[in-house]
Amino acid sequence: MLLNELPDDVLLLILEKCSAQDLSSLAQTCVRITQLTHVDSLWKALCRKEYNVKTLGNIKTYYCLYSELLYSYGWMLGTFLCRTTPRGGLLEVQYCDGMIQGIQWIVSSKSLKDPLDKVLMFEIAESDRHPQCLVPYASLHTAQIRKINSDKFVYKCKEKARHQRQIFCTQKHENIFKGIAYKRLNFPKEIPSSLKLKDGSPSPQIITPWLFIAEYGSH
Ligand SMILES: [Zn+2]
């Protein structure tokens, strides 16, 4: 019996076992199978299985989410360290409401004892597919992400002129134009249960306020 002679429900059961690459190859075979490979529940399952992304946000279909955003940038999801500045830095890359966002965690300007502050550094939307540098008081402009491997990348802003209204021109700020290298931070296998989801996987929000609290002794 030919694959094409099977009823739709049986074919769908087979397609559920396929990887994204398999589905793309099968989509080249005939019109009927092409239509079936676009059934969104297949892509919903792949978004969840490969990237742990469970919500669609403002993107129309899981197929769009997978093919236009996660396929190119899904490898970045997770927590990264940078060693560029004297104190290093933490970056959390997450999927939120139709976008991949890079969130820098920085020491609070008020007190070292305060929880870390979150600063949105870049975002990638499915609609334009290019990273956008986010700077206060500047309109969105293009940034560059160069993948070294799935655990390392270099982030660079390509439009320095857009930053000129920045009040604080620190060394770290200059590094954004030279390129900041990030390396994935692998958490230990034993994660406290308070930082796990119900299914036992680490919480995507593993860096939560109050997780890192600096203590200063008096000298
Ligand atoms: Zn910029």
Just to be sure I understand the model, the point goes 7 Å from the Cα along the line to the Cβ. What's the resulting LYS118 to SER41 distance in nm? 3.3 nm
Please state the charge dipole magnitude for the range 6-73, taken about the Cα centre, from unit charges on C-beta atoms (+1 on K and R, -1 on D and E), reported in debye and rounded to the nearest 20. 180 debye
Sequence gap at least 6, Cα distance under 8 Å: using those rules, report the relative contact order of the range 6-73 to the nearest whole percent. 24 percent
Applying 1/(1 + (r/R0)^6) with R0 = 41 Å to the Cβ-Cβ distance of ILE14 and GLU190, what FRET efficiency is obtained, to the nearest 0.05? 0.60
How would you order 72-78, 131-137 from highest to lowest mean count of nearby Cβ atoms within 10 Å? 72-78, 131-137
All lysines inside 19 Å of LYS60 as judged from Cα atoms, apart from same-chain residues fewer than 8 positions distant: LYS44
Quick one: net charge around ILE14, please, counting Lys, Arg +1 and Asp, Glu -1 for every other residue with C-beta under 15 Å from its C-beta. -3
Can you check what the net charge comes to around SER41, using other residues whose Cβ is under 11 Å from the Cβ of SER41 (Lys, Arg +1; Asp, Glu -1)? 0
List the relative contact order of the range 41-148 as a percent without decimals, with contacts defined as Cα pairs under 8 Å and 6+ residues apart. 17 percent
Of the peptides 58-70, 27-39, 5-17, how do they stack up when ordered by the mean number of other Cβ atoms within 10 Å, highest first? 58-70, 27-39, 5-17
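Any read-out appearing in this document is the output of simple, stated calculations on the displayed coordinates, not a laboratory observation. These numbers were taken from a predicted model, which means no experiment stands behind them. In this analysis, Cβ positions are derived from the backbone assuming ideal geometry, glycine residues included, and neighbour counts consider all displayed protein chains.
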